[in-house]
Amino acid sequence: MNYVKTLNSKLPDVGTSIFAVMSGLANEVRAINLSQGFPDFPISEELIDLVHHNMKQGYNQYAPMQGVLALREGIASKTYEKYKVNYDPVSEITITSGATEALFDIITAVVQPNDEVIIIEPAYDSYAPAIELCGGITRFVSLKLPDYHIDWNEVKSLINIKTKMIIINTPHNPTGTVLSKADLTELEKIVEETDLFVLSDEVYEHLIFDGIRHESVCYYPELVKRSFVVGSFGKTFHATGWKIGFVLAPKELTAELRKVHQFVTFTTNTPIQMALAAYIKNPANYEYVSNLYQEKRDFFVNAIKKSRFKIMPCNGTYFQLLNYDGISNESEMDFAIRLTKEYGLATIPVSPFYHNQKDDKMLRVCFAKTEETLIKAADILNKI
């Protein structure tokens, strides 16, 4: 079919997501897939039963645009218990169709043409395209090796009259690092004399290890009043395909967010929202998650400790970075492809998480898998 006019792309430099590329290759060659971040083990039978129950009860039509009130009330209660901050479930909490929709809604609500947004890279790949679609300008700050820390002086140097927002992510995808109290205190100092907004991507808030406290912006009053906080039930309850996220924000910010949300998805899956509202009433249903994934991290790291890969520190998420500079000089993309095709193990190169494809010879692997899967993957890595 020939079109009369060629479409002028709004994202000319954006291709298919690296997650789709590597998962597609894994499926093609039937490789073990440690690339895309999804668990390969069952979710709670109780939670499945609750979804079924609510379907049978007739909760199958549109939920309110803002989200089911019972779920928003549950999130408000959970947030207060954990962070001792009050969000009004009516005017300050919104349910979204996944965290990625939440991120898009927030950026679209805030960013005007020529506004500048600071993001910390390597960064989740939806941030920059959303900024670009809004006509904004992305300013990048790279985490510093070997421990992937933020140079806050560099962040501060980028702030000017055009800077509209800073995006942070902790626990951090793809590195598995977490921000410290010192980091959040520094951010608080940087923004307190400005009109900047903060987007805090905290979808892995319950996946944090080694007794470390998750440093949510919710602990910091100066940040709370200017922040959008993004969470994800898909990550917490190992149900990534359900695509249920949420946003916490002051009512003035929430009002603008909802103006966008209502025209993106309008509303989100009703019976799952009802099920989650009941399920999160019991803190035991989510408080165990950190131990679950710490055990998986430790199991996987122990299984590959005799390999030639350098195991990078991981204090959160369900991702482990492996450095292979002692094994090959190939680019991350080339090595990841060869690992998939020749060895039958799919991973994610970290370079696509940088705007300039910075190559540090790192691969990201997902350890949200069964022990059987992790053992098979470890056997492959130990032979390389």
Check: Which residues, counting only those in the stretch 247-280, are under 25 Å from Tyr59 (Cα atoms), in a loop (DSSP other than H, G, I, E, B) and hydrophobic (A, V, I, L, M, F, W, C)?
Finding: Phe266, Ile280
Margin query: Every residue in the stretch 8-58 that is among the β-branched types (Val, Ile, Thr), over 16 Å from Gly234 (Cα atoms), touching a residue at least 12 places away in the same chain (Cβ under 8 Å) and in a helix (DSSP H, G or I), please.
Written below: Ile18, Val29
Checklist line | Among (1) within 21 Å of the chain's Cα centre (by Cα); (2) among the polar types (S, T, N, Q); (3) not assigned by TED's automatic domain parsing to the domain that holds Gln66, the one test that Ser307 misses | finding: (1)
Next item on the list: Quick one: which helices (runs of 4 or more DSSP H) lie wholly within the stretch 125-207 and hold at least 3 residues that are in contact (Cβ under 8 Å) with a residue 24 or more places away in the chain and closer than 27 Å to Asp359 by Cα?
Entry: 127-133, 152-158
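From the list Glu81, Glu73, Glu101, which one is out of contact with any strand residue (DSSP E or B) (no Cβ under 6 Å at 6 or more places or on another chain), of a type in the set (D, E, K, R) and buried (at least 20 other Cβ atoms within 10 Å of the Cβ)?
Glu101
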Next item on the list: Among the residues of the stretch 282-310, write down those that are among the basic types (Lys, Arg), touching a residue at least 24 places away in the same chain (Cβ under 8 Å) and surrounded by 13 or more Cβ atoms within 10 Å (Cβ to Cβ).
Entry: Lys296, Arg297, Arg308
Item checked: Restricting the stretch 122-151 to residues that are β-branched (Val, Ile, Thr) and under 30 Å from Val260 (Cα atoms), the residue that is surrounded by the fewest Cβ atoms within 10 Å (Cβ to Cβ) -> Ile137
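Among the residues that make up the stretch 261-276, is at least one of them of a type outside the set (A, V, I, L, M), out of contact with any Cys (no Cβ under 8 Å at 6 or more places or on another chain) and at positive phi?
Yes: one or more hits.
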Next item on the list: Inspect all residues belonging to the stretch 51-67 and state whether any of them is at pLDDT 95 or above, under 30 Å from Thr373 (Cβ atoms) and not hydroxyl-bearing (Ser, Thr, Tyr).
Entry: yes
Next item on the list: Run Lys235 past the list (1) modelled with pLDDT of 95 or more; (2) closer than 26 Å to Met362 by Cα; (3) crowded, with 21+ Cβ neighbours inside 10 Å and report the number of the one that doesn't hold.
Entry: (1)
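Quick check on my filter: what residues within the stretch 334-350 are part of a helix (DSSP H, G or I) and in contact (Cβ under 8 Å) with a residue 24 or more places away in the chain?
Result: Phe335, Ala336, Ile337, Leu339, Thr340, Lys341, Tyr343.
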Notebook entry, point to check: (1) hydroxyl-bearing (Ser, Thr, Tyr); (2) within 29 Å of Ala123 (Cβ to Cβ); (3) surrounded by 11 or more Cβ atoms within 10 Å (Cβ to Cβ): which one isn't true of Ser9, the others all being true?
Noted result: (3)
Margin query: Need pairs with beta-carbon distance below 6 Å; first residue hydroxyl-bearing (Ser, Thr, Tyr) and within the stretch 208-234, second modelled with pLDDT of 95 or more and part of a strand (DSSP E or B); sequence gap 6+ or separate chains.
Written below: Ser227/Val198; Ser227/Ser200; Ser232/Gly245
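The values are calculated or read from the model by the stated rules, or taken from the named source; none is laboratory data. Remember, predicted model here, so these are calculated numbers, not experimental data. With ideal geometry, Cβ positions are generated from the backbone for all residues, glycine too; neighbour counts draw on all protein chains shown.
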